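The values are calculated or read from the model by the stated rules, or taken from the named source; none is laboratory data. Everything numeric here is computed off the predicted structure, so don't read it as measured data. Heads up, the Cβs are rebuilt from the backbone with ideal geometry, glycines too, and the neighbour counts pull from every protein chain shown. All accessible areas refer to the heavy atoms of the entire protein, side chains included, with ligands and DNA or RNA removed. Shrake-Rupley method; radii C 1.70, N 1.55, O 1.52, S 1.80 Å.
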Amino acid sequence: VEAKREFDKRARGDRLEQLYEAAYYYWYNRLRKLKRGKTADLEKAAAVDAAFAVFRKEAVKCKGQVKRGEMKLTDFSSWLIAEQTEIDRLMGD
(Lines give C-alpha, C1' and ligand atoms only; values in the text may rest on other atoms or scores of the structure.)
Protein backbone atom coordinates (compact mmCIF):
# COMPACT_ATOMS: atom_id res chain seq x y z
CA VAL A 1 0.00 0.00 0.00
CA GLU A 2 2.85 2.36 0.85
CA ALA A 3 4.55 1.66 -2.49
CA LYS A 4 1.29 2.53 -4.28
CA ARG A 5 1.08 5.84 -2.43
CA GLU A 6 4.68 6.68 -3.34
CA PHE A 7 4.02 5.82 -6.98
CA ASP A 8 0.87 7.95 -7.05
CA LYS A 9 2.79 10.89 -5.60
CA ARG A 10 5.55 10.55 -8.23
CA ALA A 11 3.18 9.99 -11.14
CA ARG A 12 0.72 12.73 -10.31
CA GLY A 13 2.09 15.12 -12.94
CA ASP A 14 3.36 12.49 -15.39
CA ARG A 15 0.85 11.92 -18.21
CA LEU A 16 2.69 8.80 -19.40
CA GLU A 17 2.37 7.13 -16.01
CA GLN A 18 -1.27 8.22 -15.68
CA LEU A 19 -2.17 6.67 -19.04
CA TYR A 20 -0.34 3.45 -18.23
CA GLU A 21 -1.85 3.14 -14.77
CA ALA A 22 -5.40 3.72 -16.04
CA ALA A 23 -4.99 1.06 -18.74
CA TYR A 24 -3.35 -1.39 -16.34
CA TYR A 25 -6.15 -1.09 -13.81
CA TYR A 26 -8.78 -1.36 -16.54
CA TRP A 27 -7.34 -4.76 -17.49
CA TYR A 28 -6.75 -5.78 -13.87
CA ASN A 29 -10.30 -4.98 -12.79
CA ARG A 30 -11.82 -6.79 -15.76
CA LEU A 31 -9.77 -9.89 -14.94
CA ARG A 32 -10.67 -9.66 -11.28
CA LYS A 33 -14.35 -9.43 -12.22
CA LEU A 34 -14.02 -12.67 -14.18
CA LYS A 35 -12.33 -14.49 -11.32
CA ARG A 36 -14.54 -13.31 -8.48
CA GLY A 37 -17.94 -12.69 -9.98
CA LYS A 38 -21.01 -14.71 -9.12
CA THR A 39 -20.65 -16.33 -12.51
CA ALA A 40 -16.88 -16.87 -12.37
CA ASP A 41 -15.61 -18.23 -15.67
CA LEU A 42 -12.20 -19.72 -14.93
CA GLU A 43 -11.57 -20.79 -18.52
CA LYS A 44 -12.19 -17.30 -19.84
CA ALA A 45 -10.21 -15.89 -16.91
CA ALA A 46 -7.19 -17.99 -17.91
CA ALA A 47 -7.34 -16.64 -21.47
CA VAL A 48 -7.69 -13.06 -20.23
CA ASP A 49 -4.86 -13.59 -17.73
CA ALA A 50 -2.56 -14.73 -20.55
CA ALA A 51 -3.55 -11.73 -22.68
CA PHE A 52 -2.97 -9.45 -19.67
CA ALA A 53 0.56 -10.79 -19.28
CA VAL A 54 1.26 -10.01 -22.94
CA PHE A 55 -0.29 -6.55 -22.53
CA ARG A 56 1.85 -5.75 -19.49
CA LYS A 57 5.06 -6.80 -21.23
CA GLU A 58 4.26 -4.80 -24.37
CA ALA A 59 3.06 -1.76 -22.39
CA VAL A 60 6.31 -1.57 -20.43
CA LYS A 61 8.24 -1.82 -23.70
CA CYS A 62 6.17 0.97 -25.28
CA LYS A 63 6.48 3.10 -22.16
CA GLY A 64 10.25 2.85 -22.46
CA GLN A 65 10.05 3.88 -26.10
CA VAL A 66 8.07 6.97 -25.14
CA LYS A 67 10.62 7.86 -22.45
CA ARG A 68 13.45 7.50 -24.98
CA GLY A 69 11.59 9.57 -27.57
CA GLU A 70 11.14 6.64 -29.97
CA MET A 71 7.35 6.78 -29.72
CA LYS A 72 4.99 9.71 -29.30
CA LEU A 73 2.77 9.88 -26.24
CA THR A 74 -0.27 10.17 -28.52
CA ASP A 75 0.72 6.93 -30.28
CA PHE A 76 1.08 5.21 -26.91
CA SER A 77 -2.34 6.49 -25.89
CA SER A 78 -3.87 5.21 -29.14
CA TRP A 79 -2.24 1.83 -28.60
CA LEU A 80 -3.66 1.63 -25.07
CA ILE A 81 -7.15 2.35 -26.40
CA ALA A 82 -6.77 -0.38 -29.01
CA GLU A 83 -5.68 -2.79 -26.29
CA GLN A 84 -8.71 -1.80 -24.23
CA THR A 85 -10.94 -2.94 -27.08
CA GLU A 86 -9.04 -6.25 -27.01
CA ILE A 87 -9.91 -6.90 -23.36
CA ASP A 88 -13.50 -5.93 -24.07
CA ARG A 89 -13.55 -8.43 -26.94
CA LEU A 90 -12.13 -11.17 -24.72
CA MET A 91 -14.69 -10.39 -22.04
CA GLY A 92 -17.50 -10.65 -24.57
CA ASP A 93 -18.69 -7.05 -24.13
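Things worth noting here:
- The chain, accessible surface, carbon-and-sulfur percent (1.4 angstrom probe): 52
- Mean sequence separation of contacting Cα pairs (under 8 Å, at least six apart), scaled by the length of the chain, corresponds to a relative contact order of 31 percent.
- Rounded to 10°, Cα long-axis angle of helix 2-11 versus longest principal axis of the chain: 50
- Dipole check for the stretch 10-93: with +1 at the C-beta of Lys and Arg, -1 at the C-beta of Asp and Glu, and the Cα centre as origin, the magnitude is about 360 Debye.
- For the chain, the residue among Ala45, Thr74, Asn29 whose Cα projects farthest onto the positive side of the dipole built from Cβ charges is Asn29.
- Rounded if a/c under 1.5, otherwise prolate or oblate - the chain, Cα gyration tensor axes: oblate
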